[in-house]
Amino acid sequence: MASLRSIRTRIKSVKNTRQITKAMEMVASAKMRRAQQRVLDTRPYADRIHEILVRMGTRSSFSTHPYFQVKPVKKVGIVLVSTDRGLCGPINSNLFRSILKFMGERPEVEFEFVTIGKKGRDFVRRSGRKLVGVVDGVKDRGPITEILPATQVVIEEFADKGEWQEVWIFYTQFISIMSQKPMMERILPIKPEHLQPKEGAELSGEYLYEPDDSREILDVLLPRYFETIIFQRVLENFASEYSARMVAMKNATTNAKEVIYGLTLTYNKLRQANITKEISEISSGAEAIQQG
Amino acid sequence: MSFQLTLVTQEKSLLTEVVDFVQAKGVEGEFGVLTGHTPFLTLLDVGEFIVRKGESTYAYFVAGGIVEVLPHQVTVLADILEREDEIDAGRAEKARNNAEKALKEPMAEDTRVLYQQAYRRASVRLRLVARRSAPGGNIQTPPGTGPN
C-alpha cells in the first residue's frame, strides 16, 4: 500500500501537469484565432490575382506557358505541410497516412518531397524518399518570405529543370475546432478550368500589356499566384495545428482532473484508516492499563 | 470623377477606397491613372505610389508587383507595400549605407544586383521620408491599416 506521502507527491505532480496543459490549451486557442484571421487576410490577394488571370485567359491562351504543360508523369513532387511540434493530436499522422495511400495508388511514379514543418521532414527521412527541399521553423505570424525557399525549389524542379511533371500539396484543412481533414491538391500544372470566368463575371475590353508581351506579365503573375496558394495552405495548417492542440490539451486537462479526484479519494481514505487505527490502538492501550 | 482603388499584398489587404487619381512607377516608366483609363496590366518597379482623393494626397512605398487598370477600378498586387508613415527611416538609412559600402568591393554579378536593388529600395524609402519631414510638405498620413 502506498504511503500517504507518496500519494501526496503524486497529487502535486499531476496538479502541475494539469496547470501546464491548461495553459497550453489557452495559448493554442488564442493562436488559432490569429491563424484563422491570417488565412482570411490572404484572401483578397488570392481573389484579385485569380480575377486578373481569368480576364487574361479569355484573351491570351495559357496553353504555351510551362505552368500549364501536361506531360506524361514519371516523377511527382509533393509539398508536405506539417507542424514543427507535436502534442497536437493525430493531424500529422493522418496526413502521412493519406500520403502513403496516395503513393501506394501510383506505384509506377517516383516521388520527391519538399517539406514545410519538421514532422513532415522526419516522416520523409524515415520513409527513405528523396527530400529536395526543407523549410522549418516557419512562424505563424511570419511573412510570406519564410516559405519562398520551398516555392523556389518547386518552380525549379517543375518549370526550369522539368524534373517533376506534377506537383501536389498535402496539408491539413481546418474545418472546425473539432475537425481537421488531411487534404491533397494538384497545384501544378495549373488546370486551365480553374481559370474559367465564373458566370456573370464582368469582363471588360482588351488589356494593353506593358511590357507588351503578356508572357512577361504571366511570368510574374503565375509564381505569385502559386506562392499565395502555398502560403494560404501553410496558414491553414497552423489553424488546424492549434485547434488540434487545443482539443488534445483540453482532454489532457480533463484526464488530469479525474486522476486528481481519484488520488485525493484514496489519500483521504488512507488518512482516515490511519486515524481509526491510531485511535483503536490508543483506546485498547488505555483499556489494558485499566484492567491491569 | 473617381474610381475604386484596391491595394493588397500577399499577406493582407491594405486599402479599398474610392479615389480620384493615382500615380505609380511601372517597369516602363511612371504613369498616372484617372477614371476611364484604357484597361492595361503592367509590372511595378521600386518607387512611390501616389494617391489623390479630393484635396488630400497620400504616398506609399511600393517595390515590385502588378497593377491592373480598368476604366473604373485599379488593383495593385504589390510584393512590398508600406504606408509612407510606416517606413522605418533608421533601417532604410542603415540598409543604404550597407549597400553603398558593399558595392565598392568587387563581387559576383548576381550579388551585385541584389545590393543594387537594396540600395534603390532604401533610397526611395528615404526620399519619401525626407519629403514627409520637409517644411511645407503637403503629403498627409495615408489611410489603410497599420502594421500587425
Exercise for the section: Using just the helices of chain A, give the 222 nm mean residue ellipticity in deg cm²/dmol: DSSP H runs with n ≥ 4 each add -39,500 (n - 2.57), and the total is spread over all residues, rounded to 500. Expected result: -20500 deg cm²/dmol
Fill in the blank from the handout: Charge dipole of the protein assembly as shown built from unit charges on the beta carbon (Lys, Arg +1; Asp, Glu -1), centred at mean Cα; most positive-end Cα among A:L263, A:L188, B:Q10 is A:L263
Fill in the blank from the handout: The answer for the net charge of residues other than A:S243 whose Cβ lies under 15 angstrom from its Cβ, with Lys and Arg +1 and Asp and Glu -1, is +4
Problem - For the protein assembly as shown, share of DSSP beta bridges that run antiparallel, in % to the nearest 5 - result: 60 percent
Completion exercise
The helix B:109-133 Cα axis meets the longest alpha-carbon principal axis of chain B at an angle in degrees, between 0 and 90 and rounded to 10, of 60 degrees
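Calculate for chain B the 222 nm mean residue ellipticity that helices alone would give, adding -39,500 (n - 2.57) per DSSP H run of length 4 or more and normalising by residue count, nearest 500 deg cm²/dmol.
Numbers: 2 runs with 40 residues, N = 148.
Value at 222 nm, helices only, nearest 500: -9500 deg cm²/dmol.
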Practice task
Give, rounded to the nearest 20 debye, the magnitude of the charge dipole that the protein assembly as shown has about its Cα centre when Lys and Arg contribute +1 at Cβ and Asp and Glu contribute -1 at Cβ.
Solution key: 2680 debye
Exercise for the section: May I ask which residue of B:T38, B:M1, B:I50 lies farthest towards the positive end of the charge dipole of chain B, with charges of +1 (Lys, Arg) and -1 (Asp, Glu) on Cβ and the Cα centre as origin? Expected result: B:I50
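Would you mind checking the pairs A:K130/A:K161; A:K12/A:K250; A:K250/B:K12 and listing those with alpha carbons more than 26 angstrom apart?
Working: A:K130/A:K161 17 Å; A:K12/A:K250 19 Å; A:K250/B:K12 32 Å.
Check vs 26 Å cut-off fails for A:K250/B:K12.
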Exercise for the section: In debye, nearest 20, what is the charge dipole magnitude of chain B about its Cα centre with +1 on Lys and Arg Cβ and -1 on Asp and Glu Cβ, if you could check? Expected result: 420 debye
Exercise for the section: Any chance you could get the radius of gyration and Dmax over the Cα atoms of chain B, in Å? Expected result: 16.1, 53
Problem - Dipole moment magnitude, nearest 20 debye, the range A:27-247 about Cα centre, only Lys, Arg, Asp, Glu C-beta charged - result: 1260 debye
Handout entry: Surrounding net charge for A:G77, when Lys and Arg each add one and Asp and Glu each subtract one, Cβ distance under 14 Å
Key = 0
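Read-outs: derived from the displayed coordinates by stated rules, not from any lab. A quick note: this is a predicted structure, and the numbers were derived from the prediction, not measured. Reconstructed Cβ throughout: ideal geometry from the backbone, glycine too, with neighbour counts over all protein chains shown.
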